[in-house]
Amino acid sequence: MSLSSALFSAFALQLSAQSQLEVPKAPATIEPGLEKAVEWKWWPVASDSVKNWATPAPTPNVTVQGQPGMPANGPSGVGPNVQEPRPREYEVKKGDALVLIGKKFGISGQQLKEFNGLTKDTIQIGQKLKIPTIEEVMAMAPPPPPKKEGSKKEPATEEGGDSQTPKAPAMLPPGQEDLLMQIYLDREGYSCGSIDGNAGPVFSKTLQLFRDNHPEFIDMTALKEKALEVVRTPLTGYTLKPEDFRFITNQAPGATPAPVRKKGGKTAGKDEVEPPVTYAELTSAPTLLYRSAWEFVAERYHCDEVFLRNLNPRIKNPQAGTGFQVPNVTPFEIEKAFDGTLQPEADPANPVTVALVELSRLEVSRGGKVIAVAPVGFARPGLRGSGSWTIHQAIPLPKLATLQEPKDTPKAAPTVLIQTTTAGSVNPTAPPDAPASAPLAPASRAALASEQFIAEGPNNPVGLVWLNLSRTKTKEALPYGLHGTSIPRRIKSQEGIGGIRLTNWDLIRMVRLIPAETQMQWK
């Protein structure tokens with residue numbers, strides 16, 4: 001069996017073995033924390049955080065327990081973990097055995113034996129053993145399952161230790177083709193949303209759209225071969241870096257990881273991989289960062305968080321140095337999300353158009369050819385449109401402001417000219433002739449005398465970017481926009497604040513294709 005085939009087979013076995021981690025059913029129809037907020041008017045406010053977005057900041061001390069390639073909670077496997085550099089060599093001490101040394105570094109004794117080219121299990125005091133890096137661990141064939149009496153001998157696998165990408169297999173094991181195709185489509189700009197390895201209506205439609213726009217792949221066999229050639233292996237490795245934690249909410253050493261709903265409902269009432277956020281938390285946080293390293297890695301690699309946990313069942317509480325198995329997509333690097341110019345200049349010779357199709361997906365075309373597709377959801381359930389709308393300028397890292405004034409239903413909401421307050425907020429209550437610097441006057445039905453804010457960040461309900469929208473014929477602002485989300489797994493099932501939402505990674509990719517003043521057709 002080749003190394004790559006072994007990796008694929010191990011992944012399939014791993015998923016089936018982790019069947020107790022189920023995708024939870026939606027417990028509510030409104031995004032957590034916004035149960036009352038969805039009844040109020042909100043508008044985006046430009047923040048200053050984008051100026052210092054990628055500036056390094058002190059990183060919190062976060063603990064780790066038992067993930068592949070890392071010690072189990074500390075050098076001895078017990079007690080609080082103090083992060084130390086992973087050694088490249090280990091000297092055998094009295095009482096050591098391969099299995100005990102391997103446990104210190106999150107690998108099996110067999111993996112350590114093979115990595116050092118040993119033919120026997122015996123080791124000597126003072127002997128020097130090489131310790132694989134996280135990347136080398138991820139590239140190694142997984143340890144063989146315990147042998148049962150009477151079982152046939154398994155074919156030998158290739159030795160691990162080579163951190164280079166495995167060669168693409170001639171074919172994939174059963175159940176892996178959908179995952180490979182999701183990843184390939186994502187790389188080509190045809191997103192299925194959160195990657196989870198499951199075939200469904202969104203995946204099937206996206207695959208068909210890609211084939212329709214690429215005649216060379218009408219033959220499915222040719223498409224599979226191309227996907228294997230490009231992606232090579234569906235899974236790759238990612239190691240958390242200390243600087244990653246500037247985008248993750250501080251977590252105290254030894255903190256208990258977020259609960260995951262298990263088979264049989266043993267964690268009844270906890271239907272999310274993270275505990276539900278409250279409105280008070282949303283409005284008091286200075287920045288709405290990722291709530292866990294799991295969220296950070298899942299969004300970076302475009303995947304469902306439960307799916308990521310299934311891939312990495314031994315990881316309990318990640319910290320810098322933790323190695324993850326992740327989908328082999330082009331990562332969404334949040335630290336570079338606002339580098340350069342966010343929206344391109346319009347090119348009359350090669351115009352970009354946008355279509356919102358069947359209330360389910362956004363399609364971006366250039367020169368008449370579809371170049372990007374992403375699923376959408378509606379924060380306002382009754383939001384509908386027709387004809388042509390205009391996509392205006394992007395607001396990076398938006399805050400959200402409210403006076404807790406009751407909003408009208410989407411169909412009856414009046415459209416007003418975009419007015420900007422001194423704080424930079426889009427103020428739907430300002431009169432059309434108000435100067436740009438006019439202060440915001442409390443509306444007659446407002447519960448607050450001054451604006452209340454939900455801070456910027458990847459966990460803001462409208463995500464990392466807000467695009468203003470208007471009906472093309474009127475050029476007047478709409479009280480909803482095109483934006484990201486804090487709930488990528490729930491964009492189609494839960495009501496929230498805003499308008500038309502995409503995952504943050506899809507929206508950032510789309511924004512960099514769409515010039516300001518681009519037309520969006522409802523189809």
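The values are calculated or read from the model by the stated rules, or taken from the named source; none is laboratory data. Please read these numbers as outputs of a predicted model, since none were measured by experiment. Here the Cβ positions follow ideal geometry from the backbone for every residue, glycine too, while neighbour counts run over all protein chains shown. What goes into the accessible areas is simple: the full protein's heavy atoms, side chains included, and nothing from ligands, DNA or RNA. Shrake-Rupley method; radii C 1.70, N 1.55, O 1.52, S 1.80 Å.
Got a number for residues in the range 100-125 being more than 35 Å from the chain's Cα centre (by Cα) and among the β-branched types (Val, Ile, Thr)? So that I can check it myself, show each step before the final result.
Just the residues of the range 100-125 that are more than 35 Å from the chain's Cα centre (by Cα), to begin with: 100, 113, 116-125.
Next, from what is left, pick out any that are among the β-branched types (Val, Ile, Thr): 119, 122-123, 125.
Here the count works out to 4.
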Residue hits (the range 482-514; over 12 Å from Val465 (Cα atoms), in a helix (DSSP H, G or I) and in contact with a helix residue (DSSP H, G or I) (Cβ under 9 Å, 6 or more places away or on another chain)) are Pro488, Arg489
Checklist (1) within 15 Å of the chain's Cα centre (by Cα); (2) open to solvent by 30 Å² or more (accessible area, probe 1.4 Å) applied to Lys475, failing item: (1)
Conditions (1) open to solvent by 10 Å² or more (accessible area, probe 1.4 Å); (2) modelled with pLDDT under 95 -> Ala379 fails only (1)
Would you check which residues across the range 459-472 are buried (at least 24 other Cβ atoms within 10 Å of the Cβ), assigned to a loop (DSSP other than H, G, I, E, B) and out of contact with any Asp or Glu (no Cβ under 7 Å at 6 or more places or on another chain) and list them? Asn459, Asn460, Val462, Gly463, Leu464
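Only one of Ala298, Ala255, Ala280 is part of a loop (DSSP other than H, G, I, E, B) and either over 19 Å from Trp505 (Cα atoms) or at pLDDT 90 or above (or both); which?
Values: Ala298 fails: part of a loop (DSSP other than H, G, I, E, B); Ala280 fails: part of a loop (DSSP other than H, G, I, E, B).
Among Ala298, Ala255, Ala280, only Ala255 is part of a loop (DSSP other than H, G, I, E, B) and either over 19 Å from Trp505 (Cα atoms) or at pLDDT 90 or above (or both).
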Given the condition at pLDDT below 90, in a loop (DSSP other than H, G, I, E, B), closer than 28 Å to Asn52 by Cβ and touching a Ser or Thr at 6+ places or on another chain (Cβ under 9 Å), answer yes or no: does some residue in the range 240-247 qualify? no
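Looking for whichever is modelled with pLDDT of 95 or more, at negative phi and among the basic types (Lys, Arg) here; the options are Arg501, Arg445. Which one fits?
Details: Arg445 fails: modelled with pLDDT of 95 or more.
Checking each option against the conditions leaves just Arg501.
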Please go through the range 304-318 and give me each residue that is in contact with a strand residue (DSSP E or B) (Cβ under 8 Å, 6 or more places away or on another chain) and part of a loop (DSSP other than H, G, I, E, B), ordered by number. Asp304, Asn312, Pro313, Ile315, Pro318
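Quick check: anything in the range 405-416 open to solvent by 40 Å² or more (accessible area, probe 1.4 Å) and either more than 19 Å from Arg471 (Cβ to Cβ) or at pLDDT 95 or above (or both)?
So the first thing to find is which residues in the range 405-416 are open to solvent by 40 Å² or more (accessible area, probe 1.4 Å), and the list is 406-409, 411-412, 414-415.
Going one step further and asking which of them are either more than 19 Å from Arg471 (Cβ to Cβ) or at pLDDT 95 or above (or both), we end up with 406.
Checked against the condition, which is being open to solvent by 40 Å² or more (accessible area, probe 1.4 Å) and either more than 19 Å from Arg471 (Cβ to Cβ) or at pLDDT 95 or above (or both), the range 405-416 yields at least one hit.
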